[in-house]
Structure formats: structure tokens, C-alpha cells
Amino acid sequence: MDAPGTALLRAERLTRVVAGRAIVDGISVEVAAGDVLAVVGPSGSGKSSFLRLLDRLDEPTGGTVYLGGRDYRALPPRELRRRVGMVMQAPVLFPGTVAENVRFGPAQRGERLPDADVARLLALVGLPSFADRAVDHLSGGEAQRVSVARALANRPEVLLLDEPTSALDDASKRGIEALVTEVVRARGLTCVVVTHDLAQAARLARRVMVVEAGRVRRVGPLEEVLRAEGMD
Amino acid sequence: MLKGWIEDPTLLGLAQAGVAAALAFAVVLLARRRRIHVEADAAVALVRGLVQIALVGSVLAALMRGPRWTSVPLLAAMMAAAAATSMRRAGRIPGAFRASLAGVVVGSGGVIALMTLAGVIATDLGTLVPVGSMLVANAMNANGLALDRFRGEVQAHVAEIETALALGAAPEETVARFVRSSYEASLIPAIDSLRSLGIVWIPGLMAGMVLTGAPPLAAAIYQFVVLATILSSSALSCLVSTTLIRKTAFSPAEQLVLRGGAAGRG
Ligand SMILES: Nc1ncnc2c1ncn2[C@@H]1O[C@H](COP(=O)(O)OP(=O)(O)O)[C@@H](O)[C@H]1O
Ligand SMILES: [Mg+2]
């Protein structure tokens, strides 16, 4: 069946019950192509669990996700995960060089990302000339940038970001926010970004979903949600 | 001095067991003075161990007089028990028993079959059962080590594995490194035994053969044969079990199921 409107990504009563407790509880939300949805909520409210379900790293125990109108359970998992990229809360880089990390995704399909593409991605994330550096001595902000470049190397349609700045100082935080905005604009990416900070959500997204105990408390355009949350 | 008093070998054995148990218990009692209380556990273990091995000894004694094919069900039962024991090392990995069983059966069963066909292991019950059981037991230990290491590595690298999955990696690829290190770790005991053979230790089998009057050089070389065969059966076992287990650590939708608590969560 086709999704209504232009939603590229649509969660429908998405649920995950673990040990008798619904950590994600019937979340329905749509993200239009090229749009950014911020997911806000206190720690432990199920934001990461929701994001993991969107990439099918966990199996929904109820509901499902439609990608471009297709139930994502009908897609081979590797294809799904190529099309829906994910940057985890604490970035994990594989041992080796920055370039090897950036090449990881395409290499899984037997493709070698050309040097020029690696350079272009690294320039985009603000790390030109980092290609041959070993990953061991990168700062937290640099590592997060590499993990964004690595996710982008797969040319995803949707990018999921889990608290991309939670481990960073203020300067790197603004840098990553600018990067996300730039990437979304330059690549027409559709993006779901988790944050526990409503102010950050306001800087990044036009639509916001507030979750509480695994449920949607409020979802809508930024201004509406800010007003309703008493923060305009 | 026991030998001078008791002539019946079974009674002599029991008397020796009594002395060994008494000494063990005396040492345990000594520990009481440091307020370490293991005397109940130790007493139960001593009694239980003696009863078990005496029972098995009598069953074996009866079986040894039976036809040659008796060794087949006997070794098969040992393999099933060995698989059940080493499977526990895999923790909550689904399919652990199947992987262990396949590993032990293919590894020790295959090597036993090959070596009897080649005439390296004699087919009489008195040789095949004890030598076979050694191969099964060692395959079990190596298997347990491999599965334990694999579980530990995977649980310590949940975030890395899921990062690779999220980038579109095939599940087997994301754990290939850990399969390799588990396999290598599981073979350390067999390799070290071979390496130190005769220098660090003179194994029980050789000691037994020499004590019963076999020529020492022949006994020594046979001991090497047994250890080399243990290496092949352990290696084959772990190759099979780690290959199987790396698949079952993932769900059909290529999700890591062996995550262990909420590790790697934000
Ligand atoms: N694998 C799991 N098993 C059991 N409970 C889990 C698991 N993963 C997360 N949880 C629980 O689900 C809730 C939501 O967690 P999470 O999605 O990480 O929240 P957030 O990202 O909003 O901080 C928490 O209470 C957490 O303890
Ligand atoms: Mg989280």
C-alpha cells in the first residue's frame, strides 16, 4: 500500500515490548522527503529504542515502518540499512584510517569508494586532509564527523542521528549542528534527529515529536510544539 | 604400606581412595582456621565424585566384556553429554546446543573414525573407549572455550557490531574477527600441551603405560599420537561450532540477538 502524501518514512503504531514493558508504545509519525524531524524527550523515554526500530536493528513487536510506501519488513535488511543510515549516540570507529572508515559501507557491497569521493565527504564534514589519519587520536567531535561521513558514503535516503552532540563540548556541538543542517540542505536528505534538548531541536528541525514513556506526547510543526511546551 | 595389608585390588583401591579423601578433607578443615568454610561443599564433592566414578567404573567393566560395537553408543552418549556441557558456555546464544553437538560430533567423531580406519587407534573396546573419551572430552573443553570467548567478544563489542550492521554489513562479516580470535583461543590448551609434552609434564596415559610395563619409547610416541589427535579433534570441533554459532547470534532480520542486558545503549 502507498503512504498518504509525500511521506518518505512513516512509522505506524510502532511498538516494542521488552520483558513485558512497552519501551516504544504505538508511535505513529511521518517524515516527508527532505524534512527534518526532531525527537525530543527525557532520558529513558525510548528515543534511542525508537530510532533503532526505524533501522530495524531491533524487531518491532507491533506496528511497522513504511519506507517510500513499502513495508520495511519486505526489504532485505542490508538494503534497508543502506537506504536508512544511522549515526549512533557514541560513535564507534573501526580500527584503521579515517578513509577506511568512510569506505566501510560501500565496501560491504564490493564497491571501492574513489579517493575523490572520500575527499569530498571529508570536506563536507569539515575534516579535509584527514583521510590517512589513524582513528585512534581523533577528538570526540572529529570522531562524530567521521561517523557522519561514513554514514553518508552509503548515499542514504534517510539519516537517523541519535543525540549526535551529547558527548561534545559547546563549540563542537554548534559545528555538528551546522553540519547536519548543511548536509540536509546539500543532499536533500530526510533526517530524524534525537535530542534531549528542545532548544537544539529548534535549531535543527521544522517538525518536532515529543516522547514520554515510549509514547508520542505531541507532534507537529516546531512553533506549535514550542508554544504547547511553553518555550517560545 | 596399604599394599602390604590388602590384597584384593578393588578393596585396595577403596582404601587408597579413603586415604586421598581424608587428606583432602583434612586440608579443608585446616582452612577453617582462616574462617574459610568449604567443608560441606568439599565433603559432598568428594563423596559424589567417588560414587560417580565407581559406578562408571563398574559399568565400564561390564561393557568391556561386551561386543566391539558397544563403543559406538558409548561414545555417542559421551558426545551428547559433552555438547550439553560446552553449550552452557555460549550463554543465551540460540542454537548453542546444535552448534556444540555438531562441533563435538564432527570434530571428535570424525577424527575417531578416521584414526580407527587408518589403524592409529585400535578398535578393541579397551583402547577405543578410553582414547575416544579423551578426544571427546578435549573437543568439549576446546568447544566450551571457543563459545565462551565468542560470547564475551560479542558482548564486549555490541556497539561496533551494530554500527557495522547499520552500515549494511553482512552479519557474519561483523563478527568474523571474533570468530577468529575464539577459534585461536580455544586451541591454546591443545597446542601448549603438545609444545610442552615431556618437558613440563608426562601425561597420565604414558605414565600408565610405563607403569604397566610397555616400552617407554613406544609409550612416549603413542602419547604424542594421542595429543596430536586431540589437536585435530579440538580444531575441527571449534571450526564447526564457531561457524554455526556466528550465524545464530543474529535473527533472520539480521539483528544482533546476543546483546546481553542493555549494553551499548544510550
Ligand atoms: N534491550 C533492552 N532491554 C530492556 N530494556 C531496555 C532495552 N533497551 C532499552 N531499554 C529500556 O527502555 C527504556 C528506553 O530506553 P532508550 O530508548 O535508550 O531511552 P532514551 O534514548 O530516550 O534515553 C529505558 O528504560 C531502557 O532502560
Ligand atoms: Mg538514547
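The values are calculated or read from the model by the stated rules, or taken from the named source; none is laboratory data. Bear in mind that the values here come from a model prediction, so they are computed numbers and not experimental data. Ideal geometry is used to build each Cβ from the backbone, glycine not excepted, and the neighbour counts take in all protein chains shown.
Within segment A:72-127, restricting attention to residues that are farther than 16 Å from A:ARG52 by Cα and among the charged types (D, E, K, R), which residue is nearest to the other protein chains (Cβ to nearest Cβ)?
Selected residue: A:ARG109.
Which members of segment A:87-130 meet the condition of being farther than 25 Å from B:ALA176 by Cα, outside any helix (DSSP H, G or I) and more than 21 Å from the chain's Cα centre (by Cα)?
A:PRO114, A:PRO128, A:SER129, A:PHE130
Can you tell me which residues in segment A:33-76 are within 14 Å of ligand 2 (Cβ to nearest atom) and either in a strand (DSSP E or B) or surrounded by fewer than 18 Cβ atoms within 10 Å (Cβ to Cβ) (or both)?
Listed by number, the residues that qualify are A:ALA38, A:VAL39, A:VAL40, A:PRO42, A:SER43, A:GLY44.
Kindly indicate which of A:VAL148, A:VAL211 is surrounded by 20 or more Cβ atoms within 10 Å (Cβ to Cβ), touching a residue at least 12 places away in the same chain (Cβ under 8 Å) and away from ligand 1 (no atom under 16 Å from the Cβ).
A:VAL148
Out of curiosity, is A:ARG174 modelled with pLDDT under 90, within 30 Å of A:GLY230 (Cα to Cα), surrounded by fewer than 17 Cβ atoms within 10 Å (Cβ to Cβ) and away from chain B (no Cβ under 14 Å)?
In short, yes.
A:GLU182: out of contact with any Lys or Arg (no Cβ under 6 Å at 6 or more places or on another chain), farther than 30 Å from A:ARG13 by Cβ, touching a residue at least 40 places away in the same chain (Cβ under 8 Å) and acidic (Asp, Glu), yes or no?
Yes: the conditions hold for A:GLU182.
State whether the residues of segment A:136-145 include one that is under 21 Å from A:ALA107 (Cα atoms), at pLDDT 90 or above and touching a strand residue (DSSP E or B) at 6+ places or on another chain (Cβ under 9 Å).
Yes, that holds for at least one residue.
Give me a count of the residues in segment B:27-60 that are exposed (fewer than 10 other Cβ atoms within 10 Å of the Cβ) and over 30 Å from the mean Cα position of the chain (by Cα).
Selection size over segment B:27-60: 3.
Which condition from (1) away from chain A (no Cβ under 14 Å); (2) closer than 30 Å to A:ARG52 by Cβ; (3) acidic (Asp, Glu) is the one that B:ASP124 breaks?
(2)
Might you check whether a residue that is buried (at least 16 other Cβ atoms within 10 Å of the Cβ) and in contact (Cβ under 8 Å) with a residue 60 or more places away in the chain occurs anywhere in segment B:191-203?
no
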